[in-house]
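Let me begin by presenting the structure, written as structure tokens, before commenting on it.
The values are calculated or read from the model by the stated rules, or taken from the named source; none is laboratory data. Just so it is clear, the structure is predicted and the values come from calculations on it, not from any experiment. Using ideal geometry, Cβ is built from the backbone for each residue, glycine included, and neighbour counts are taken over all protein chains shown. Keep in mind that these areas ignore ligands, DNA and RNA; they rest on the heavy atoms of the full protein, side chains included. Shrake-Rupley method; radii C 1.70, N 1.55, O 1.52, S 1.80 Å.
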Amino acid sequence: MQEASLNNLVRTLFYILLFYYIFKFVARLLLPVLAQKVVEKANQQMEDKFRQHQQQSQQQATSTSPEKSKEVVGEYIDFEEVD
């Protein structure tokens, strides 16, 4: 069984600090690129949904617009109010 020694403690702290600074350095390099990719993907998805919504509304507008019949029912009479 190993006993805890000052040498092992210092070595462990060194490894922890080393990994911390390596992670911090890599994160500074990669996080801006990853964030840009996420924003671009979200923007693309929003554009796609917007186009789909526009196409659906155009299809509904053309398919649901009733045809106006121009049947002559009678003549128009303008009534005036009498005092």
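Observations
- Charge tally for SER57 (other residues, Cβ to Cβ under 14 Å; Lys, Arg +1; Asp, Glu -1): +2.
- The candidate values are [x] 110, 37, 29; [y] 61, 32, 27; [z] 40, 31, 18; the one derived from this structure for Cα extents along the principal axes in Å carries the label [x].
- For the chain, the solvent-accessible area with a 1.4 angstrom probe is 111 square angstrom per residue.
- Computed in the context of the full set of protein chains, the accessible area of the chain at 1.4 Å probe radius has 60% of its extent on carbon or sulfur.
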